[in-house]
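Note sheet for the following structure.
Nothing in this text is a laboratory measurement; each read-out follows from the coordinates by a stated rule. Just so we're clear, the structure is a prediction, and the values are computed from it rather than from any experiment. Neighbour counts are summed over all protein chains in view; Cβ atoms, including those assigned to glycine, are modelled from backbone coordinates with ideal geometry.
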Amino acid sequence: MRASRHDAALQRSPDGLQREPTLNAIDTTHHAHAANVAALRDEVLSRLTYTVGKDSATASPRDWFVATALATRDRVVESWLASTKRNYREDRRRVYYLSLEFLIGRLLIDTLANLGLTGAMRDALGELGVDLDKLREVEPDAALGNGGLGRLAACFMDSMATLEIAAVGYGIRYDHGLFRQTIKDGWQHEYPEDWLSFGNSWQFPRPEITYDVGFGGHVESARLTDGMLAHVWRPGETIVAVAYDTPVVGWRGKHVNTLRLWSARALDPLRLDAFNQGDHVGALTEQVRAEAISKVLYPSDSTPAGQELRLRQEYFFVSASLQDLIRRHMKQTGDIAKLAGKNAIQLNDTHPAIGVAELMRLLVDVYGVDWKEAWKITQATFSYTNHTLLPEALETWPVWLMEKLLPRHMQIIYLINAMHLDGLREQGVKDAGVLSSVSLIDEHNGRHVRMGHLAFLGSHKVNGVSALHSELVKETVFKDFHRLYPDRIVNKTNGVTFRRWLLEANPALSRLLAETIGAAVFDDPERLVDLEAFADDPTFQQRYAAAKRENKERLAARIFDSVGVRVDPNALFDVQIKRIHEYKRQLLNVLEAVALYLDIKSQPSRDFVPRVKIFAGKAAASYHQAKLIIKLANDVARIVNADPETRGLLKVVFLPNYNVSLAETIIPAADLSEQISTAGMEASGTGNMKFALNGALTIGTLDGANVEIRERVGDDNIFIFGLTAQEVEESRARGIDARETIAASPRLTETLAAISSGLFSPDDRHRYAQLVDTLTYYDHFLVTKDFDSYCEAQRKADARWRDQKAWRRSCILNTARVAWFSSDRTIREYAEEIWKV
Ligand SMILES: *Cc1c(COP(=O)(O)O)cnc(C)c1O
């Protein structure tokens, strides 16, 4: 086969060498490899010819990508069909993971790695003159999520397939995922994201799998012959949910699950009468209204978009999913009473909590199950994961809106609530305060339905996502519930899939691990402990550092391409990448950068550790303060990077459009991982786990899973600072006026003065006046309180860095000791303790 002459971009390197022998090593045997290469080459060409309709001479990079993705997908399908058959044959209890977000990222390398075909595909494409590493960059990120919560759902899908759990993920197929971020003049700008504009090679449209989802209308009641009251909901509006399936391959391709995402369609494609009368736009209004439901992901990760469309999205996907799983259950068993025994439904946060009322409606109104029995089935089927204690993120919906959109569900919620409160009164709970705090209805400032309470009551288990968070769930948001139902709240500390976050993201380290402790570590991450024996081994240390170096060079090139800043791979790469949020305290990090800058300028002879501070992250479009923090980081970067006096000792970069793929490039290149949230506010974090696994040392507060990371890596191999969750609470109780705190810290005083003076904003000297004021008088996130101890921890990191042997030892011990944060472990715990599968 001749290489395409038109696509220099895809030519493989002239040396023709494979760059990822590890991935090949854990692929198949050599014999099978050669056969696979030949077969894959033919399959890619066949797809290019017959599906894409191009030949290799005219194919664009995107054409090659599509042909390669389809050829790869073809390899999944048989195993997928076999898994589906097996699920039926063995009549296994199924797990349904309901999530409004799945932050998947790219799938080509992920699928190939799971199938053990990365090396074979690399060689097959090589024979066609195409470079797999360049091809992988062509794939758009599937960004159907905001951040940690959506990424968790994606990691869980991977682990459920790997553990061969019969599972379906249900969500929405948004036409536009999380917005694309650009930085212009330091400010964030948002643009619609367009992942589907060239089609989606991984999905199978299922136009025959559709469900009607109703909204509005009224409820009719009729007295049955046996005297019981029957209710029939007559929706005023019906929207059609259409299924799109994506196969999710487990490790080594043994089991394949389905991610089923729903797209919204109108019942009729247009109003023909209106169209024929010349009203071409009006003829489409109903379609536009219907399809708006799956048009765009809500770009908010912590505040409920208090809007009707959000509630419509939630009910839309929940109703379609429940109808779908009940249909499957009835086909298999024919017995609705067995629903709980055969199905477990996990609610990822409260977004799908309306499912509790919807299942009750389906059981009682449609299947004629008696209320008490239906409630038992519902509770035994559902479980709920809480992700946040932030009061602004606890979803509630106005009763009037519920009554308008979902009148029957509102009746059901009232009835659940009445029975719940009556039951408590019977048990002797008299305290009006307790009863009102556990009511499903919030009677203060306008009546609202509390979705967290609905999820709690409708579930047999409720979990937090780290040890600390689960304890705080018991003590704060669900305090009264916990006293009434002491066995319901459990902990399931989050995890990440090591396939994506180590094997695929960090081939250099993966290769070294395979060579040192054996490739079986990818089947059993617990074997990572074998690395401990090498922590002080000079040869191993050198190779470990060389792998990091390779990743840092790649990132340095990426930084130059992206923002035009040259950074030195010898410097300490200090990284904070995550959603921009006040509680995550990027501001604390920026303040430290400013302090460091002032130090470098005022003490030129001091021995500074050269640092590159790397930021990336998106702010919700309406989150003014977070966007201002982005601007500040960029303003500081501009001044610092242009100042010759810093002599390359400090660089600050803000990389635009943070997403899964960017995370995969940055994390393996990080030396220091910033996990510096106000203690008690980050439920778990999963970025922290990815970094530790890739051998970055954490500088962090005792928050979320940082606590458990410290327990495992050991106090000497992590830089912990700042107030504890308990101290945060006490400190806030004493007041958040920070004037005394600032006055007590000359360094902080100087830092804030520099920002206030307009040093970083000469074009608008007052740009940060309000920001500094907020810190001074209303420091809710206790940035000022933690500033000095944060700086002190940074200097400890510097000291460790100066002793490269000690630094490397700590990095190696991080990688060696974090096996427990594999999402396989998390899913095993869910499977055993919550789903009973
Ligand atoms: C892991 C991940 C997150 C979560 O990061 P945290 O630091 O835990 O907030 C968010 N976005 C992307 C793209 C990720 O990969």
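Listing for the model above:
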read-out	value
Extended-chain gain in nm, criterion 0.36 nm per residue less alpha-carbon gap, T516 and D91	148.8 nm
Built amide H within the under 5 Å cut-off of F204, gap 5+	D245, T246
Residue-averaged 222 nm ellipticity for the chain, from DSSP H runs of 4+ at -39500 (n - 2.57), nearest 500	-13500 deg cm²/dmol
Mean shadow area of the chain over all directions, Cα convex hull, nm²	38.7 nm²
Of V783, I293, H581, farthest towards positive along the dipole that unit charges on Lys, Arg, Asp, Glu beta carbons give the chain	I293
Packing-based order for 204-214, 424-434, using average beta carbon neighbours within 10 Å, highest first	204-214, 424-434
Furthest towards positive pole of dipole, L649, I666, L702, structure part region 646-707, Cβ charges	L649
Spread of Cα-to-Cα distances over 5 Å intervals beginning at zero, given as percent, for region 152-242	3, 9, 9, 11, 13, 14, 11, 10, 8, 6, 3, 1, 1, 0, 0
Sequence ranges 191-199, 341-349, 226-234, 485-493, ranked by mean other-Cβ count within 10 angstrom, highest first	341-349, 485-493, 191-199, 226-234
Flagged links, alpha-carbon separation over 19 Å, of K690/K796; K548/K805; K184/K631; K492/K618	K690/K796; K492/K618
Sequence-distant lysines (8 or more away, or on other chains) whose Cα lies within less than 23 Å of K54	K134
For region 669-765, the spread of Cα positions along each principal axis, largest first, Å	44, 36, 23
Two-decimal Rg to Rh for region 550-640 - Kirkwood Rh, Cα set	0.98
Qualifying GluC sites (Glu not before Pro) in region 53-118, DSSP loop, other Cβ atoms within 10 Å at most 13	E90
Nonlocal amide H pairs with I209, under 5 Å, H built at 1.01 Å	A243
Integer Hz, Karplus 6.51/-1.76/1.60 couplings in order for region 39-44, x for Gly and Pro	5, 5, 4, 5, 5, 5
Region 599-698: equivalent-ellipsoid semi-axes (sqrt of 5 x gyration tensor eigenvalues, Cα, Å)	25, 19, 14
FRET efficiency, R558 to D226 (Cβ-Cβ, R0 60 Å, nearest 0.05)	0.30
Size of charge dipole - region 499-644 - debye, nearest 20, with Cβ of Lys, Arg +1 and Asp, Glu -1, no other charges	860 debye
Cα-projected label distance for A337 with L390, points at 7 Å along beta-carbon direction, nm	4.7 nm
For region 209-329, convex hull of alpha carbons as volume per residue, Å³	198 Å³
Under the Karplus curve 6.51 cos²θ - 1.76 cosθ + 1.60, θ = phi - 60°, whole-Hz ³J(HN,Hα) for region 615-620, x wherever Gly or Pro sits	10, 7, x, 10, 9, 4
Cβ charges +1 (Lys, Arg) and -1 (Asp, Glu), total dipole of the chain, debye	840 debye
In Hz, Karplus ³J(HN,Hα) per residue of region 808-822 (6.51, -1.76, 1.60; θ = phi - 60°; x = Gly, Pro)	5, 4, 4, 4, 4, 5, 4, 4, 5, 10, 10, 3, 4, 8, 5
FRET efficiency, 1/(1 + (r/R0)^6) with R0 60 Å, evaluated for S197 and E729 via beta carbons	0.80
Alpha-carbon centroid distance for the pair region 241-307 / region 750-773, whole angstrom	45 Å
Burial ranking of peptide ranges 306-313, 612-619, 802-809 (average Cβ count within 10 Å, highest at the top)	612-619, 306-313, 802-809
Label point distance in nm, T51-D803, each placed 7 Å from Cα along Cα→Cβ	5.6 nm
Anisotropy class of region 320-376 from Cα gyration tensor, a/c 1.5 cut	oblate
Reduced Cα scattering model of region 81-142, Debye log10 I(q)/I(0), q = 0.22, 0.23 Å⁻¹	-0.94, -0.96
Inter-part distance where region 377-416 and region 345-363 are each reduced to a Cα centre, Å	8 Å
Where Rh is the Kirkwood radius over Cα pairs, Rg/Rh for region 323-481	0.97
Largest-first principal axis extents, alpha carbons of region 723-837, Å	58, 41, 31
Rough spin-label spacing in nm, given labels placed 7 Å along Cα→Cβ, for R795 and D764	3.6 nm
Kirkwood Rh, angstrom, region 680-732 [1 / mean 1/r, Cα pairs]	11.4 Å
Signed unit charges on C-beta, dipole axis of region 206-324, positive-most listed residue N257, G278, G217	N257
Region 159-223 versus region 635-662: alpha-carbon centroid distance in Å	35 Å
Built amide H within the under 5 Å cut-off of T698, gap 5+	S673, F719
